Amino acid sequence: MATLRKQKVGQYVYWQIVESKRVNGKPRPVVVAHLGTAEKLLVRLTQGPVQKEIQSRSHGAVQLLWKAAQKLELPSLFSTVLSSQMRNDVSVGTTLLLASIHRALQPGSKRSFSSWAEQTSLPQLAQFNANALDSQHFWDQMDTVTEEQLLQVQSVITQKLFQQGWVSSKLLFYDLTNFFTFIDTTNTSSTLAQRGHNKQKRHDLRQFGLAQATTKEYLLPILSEVYEGNRNDRAYFLPFLEKVKSLFQSMEQPLEEFTLVFDKGSLSKENLQELEESHLSYVTAYPVMWQKELLEIPRTEYTKCSVHGHPCEYVRCKKTIWGQERTLLLLTSVALWEGQVRGLNKTLEEVQQKLLELQSKLEIPTKKPWSKEALEKKIQSILKGEYSKDLFMVLLRETKEGCFSLDWTINKKQYRWLLDHQFGKILLCTNREEWEAEDIISAYRGQYHIEHLFRHLKNPYHHSVYPQYHWTDQKIKVHTFVCIMGLLLSQMLWQKAKEEGYEGSIESLLDLLTQVRQVEIISISDLQKKPIKETTLETMKPEIQKWYDLLNQSF
């Protein structure tokens, strides 16, 4: 119930409307409105019979994400696994949960959390004082979280997802990505941040990697791990596989019932052998050029099929791969063929432009002429692309005067062979011999969608790992975990909405729910009487009302 309170600040006296709320089981007065001095309040009261204080805040998205967390029983789980340390009457687990919702809706620094939270109903839902949660609060609470606790939390969350029916398929998708940082080269506080091949082309910056296993159903994160940014994809596969095995063992889930789907970047003899010894089935891509004879099979021998309504052609066979007979599936893709042709033609244009530039330089007299060795090295660097060496025949001529001329032609026969035989073909390898071709193709095509999960984590408006202002390994791991937790809660909302026919993206759903606003109206008619408080929702558009009501009932 709201009451009036007198607050003295220095020599001045102000009036406030406060409401008693329980914070971690203890009653605390929470200010809901500042009314000013007695003189100002008197003027406002004399202007009419009833004075009203109206406050509006974003409500729908934070409320439903908070309810999704309750659905997974995250507060009790966090309190069991994580430290019991309290700061500003907020536990470590609640701090991480609040940070996760912040990352899902408006990624920003820990310093910006307070001002963002004040514009939402989250402080009322979670019973905390937004002004007290500064960046130091988050740093102190994050300091208590260990790597072992993160693994334990992930294990229990995954078990909850299975128990509550969020996961029904036996397909697991595995992939890796990396995130660049602005950690200085001379900073030795982080061993995770290393230089490597960055997937966002920021090779000049240190980075850390993220390995992720997800489900088929809406790509719910199952197991995540941060690793050193300079580690090779193939080399990291087995250590991550051990964690997958430990996870399923702790959940008492039979590993042999699952199928792991991964890309050829993690393919190696040792990795396939370990999968089979672990009784774990797999579907993976295999480099087409390692079985070049399959490319010569005429299209008349391909079998036609349909996968999720899309026509497909394939050839199925068995081949001895690294001393073990395995099932191979060579399939065609029109979309892949078109993309590869566009990429090849663009490469041809770029290479020819560089050769033309080099040719022009050779025609200009210089005091220091080119050496043959330097020119050959320059030509090799121009032709370093995947197909350039086979497609370009470059002739370097030396004149009697010691100058050079450059000429080249394109191997049209090789160009035509690529278009007719190699492009548009994908080779799959699996030990699921009992599966139909359609099942194998469907499983592998699901791998493409894991890239969407990584896009969510790199989206600057929702779920983004950026910006991350941390430079120690422990903080980087906790921060990444927080971002993934925010994505998990969003995925749960999106999954329920999709089941009811929602056709938009996760981000559009969150933007839609953010428009649901809560209004507090506090009426004051007399200083001798208690203020009357009324809480309601703003009038919504029919579409917003539909999805908010549906999700509110689901959670």
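FYI, it's all coordinate maths here, none of it is from the lab. Predicted, not measured: the structure shown is a model, and the values here were computed from it. Heads up, the Cβs are rebuilt from the backbone with ideal geometry, glycines too, and the neighbour counts pull from every protein chain shown.
Points to keep in mind about this one:
- Percent antiparallel among DSSP beta bridges (both partners in the chain, rounded to 5): 90 percent
- With eigenvalues of the C-alpha gyration tensor scaled by 5 and rooted, segment 336-422, Å: 30, 12, 10
- The amide H of ASP175, built 1.01 Å from its N in the peptide plane, has GLN212 as neighbours under 5 Å, considering only residues 5 or more places off or on other chains.
- Distance violations [Cα-Cα > 18 Å] among LYS6/LYS530; LYS346/LYS378; LYS245/LYS477; LYS26/LYS110: LYS346/LYS378; LYS245/LYS477; LYS26/LYS110
- In order along segment 246-252, the Karplus-derived 3J(HN,Hα) couplings, from 6.51 cos²θ - 1.76 cosθ + 1.60 at θ = phi - 60°, round to 5, 4, 5, 5, 5, 8, 6 Hz, and Gly and Pro are given as x.
- Residues PHE182, PHE262, PHE248, sorted so that the one with the fewest Cβ neighbours within 10 Å comes first: PHE182, PHE248, PHE262
- Mean separation of Cα contacts under 8 Å (6+ apart) over length of segment 184-312, as relative contact order %: 15 percent
- Electrostatic tally near LYS269: other residues with Cβ closer than 12 Å to its Cβ, Lys and Arg +1, Asp and Glu -1, net -1.
- Cα centroid separation - segment 147-175 against segment 461-521, whole Å: 18 Å
- Residue exposure sequence - PHE404, PHE237 - by fewest surrounding Cβ within 10 Å: PHE404, PHE237
- Viscosity 1.306 mPa s, 10 °C: Kirkwood-radius Stokes-Einstein D of the chain over Cα pairs, µm²/s: 57 µm²/s
- Rounded to 10°, Cα long-axis angle of helix 542-554 versus longest principal axis of the chain: 80 degrees
- The mean sequence separation of alpha-carbon pairs under 8 Å and at least six residues apart, normalised by the residue count of the chain, gives a relative contact order of 20 percent.
- Packing-based ranking of 54-67, 535-548 yields 54-67, 535-548, ordered from highest to lowest mean Cβ neighbour count within 10 Å.
- Helix-only CD estimate at 222 nm, as mean residue ellipticity for the chain, using -39500 (n - 2.57) per DSSP H run (n ≥ 4): -12500 deg cm²/dmol
- 0 to 90° range, to nearest 10: angle between helix 473-499 axis and the chain longest Cα axis: 80 degrees
- Inverse mean reciprocal Cα-Cα distance (Kirkwood Rh) of segment 105-161, Å: 13.2 Å
- Neighbour-count ranking [beta-carbon atoms within 10 angstrom, fewest first] of TYR286, TYR236: TYR236, TYR286
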